[in-house]
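Each value in this text was obtained by applying a stated rule to the coordinates, not by laboratory testing. Quick caveat: nothing in here was measured; it's all calculated off a predicted structure. Using ideal geometry, Cβ is built from the backbone for each residue, glycine included, and neighbour counts are taken over all protein chains shown.
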């Protein structure tokens, strides 16, 4: 008895910017499958056109993903191989695809990942922050109240925190971080693998100032990386060191305003905070 071959769903990572990052295996699979399920068919058709690939496409996005499961199952039952791609990067990582993969796996259809570009890993690899442990939170809430609550819930975590952010919300996110984690070291990665790829680092206040001074730095999609919280013992030692520095500045006759500027430059944080601490010590 001849068994009919079942099709395979390939989960294929595509470039986040530089087309040269598309792997040989990924290109071969995209050119060999019967159909491609894409987050935005118009967007992905430009990539496929540059590769000389002409394969029937269907849309698969957050609004129709659940409804596509039955259709994809029918293709696989008929022996057709299907590739799942997102607009850029690895599908399912803050992109559609989870429902499809979960349901097809539960129904024992073959699902094969084809690894490649990911903004999350690309940003971490160049940020200079600890990568032995990190927590990825996807996109932060768009509204200020829930966004602040989400960050407050994470402010004691000691692993590197990673989020995606859009250009029209990045300044609001930095403002929230300044309120919740004012002294924390951040790295912003933008336009990854593209011509204007940039890594910016500093405190939330310092980065906000950079974006105000150069509006071009607020363009493009962002990966926001936040250094983990310092253990309590280190916090206490840091406070002791800060108090020693502030006391030395006052003892040498440095004014409160100038001392606050020196402390902010050496230790990070806002000048207003150091000004208040210096004023309290002086009194």
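In table form, for the structure just shown:
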item: Relative contact order %, the chain, counting alpha carbon pairs below 8 Å whose residues are six or more apart; result: 17 percent
item: Tensor-based shape of the stretch 124-173 (alpha-carbon gyration tensor, a/c under 1.5 rounded, otherwise prolate or oblate); result: oblate
item: Helix 204-213 vs. the chain, principal-axis angle (Cα, 0 to 90°, nearest 10); result: 80 degrees
item: Neighbour-count order for 125, 118, fewest beta carbons within 10 angstrom listed first; result: 125, 118
item: Cα gyration tensor shape for the stretch 1-55, rounded if a/c is under 1.5, else prolate or oblate; result: prolate
item: Calculated [θ] (222 nm, deg cm²/dmol) that DSSP helices of n ≥ 4 give over the chain, each run adding -39,500 (n - 2.57); result: -13500 deg cm²/dmol
item: Relative contact order (%) - the stretch 90-189, alpha-carbon pairs under 8 angstrom, separation at least six; result: 26 percent
item: Between helix 232-251 and the chain: long-axis angle, C-alpha atoms, 0 to 90°, nearest 10; result: 40 degrees
item: Top of 217, 107, 149 by mean-square fluctuation, Gaussian network on the chain, Cα under 10 Å; result: 107
item: Computed label-point distance, nm, for sites residue 149 and residue 247 using a 7 Å Cα→Cβ extension; result: 4.3 nm
item: Contour excess over end-to-end distance, with Cα ends at residue 281 and residue 191 and 0.36 nm allotted per residue; result: 27.9 nm
item: Gyration tensor (alpha-carbon) shape descriptor, the chain, a/c threshold 1.5; result: prolate
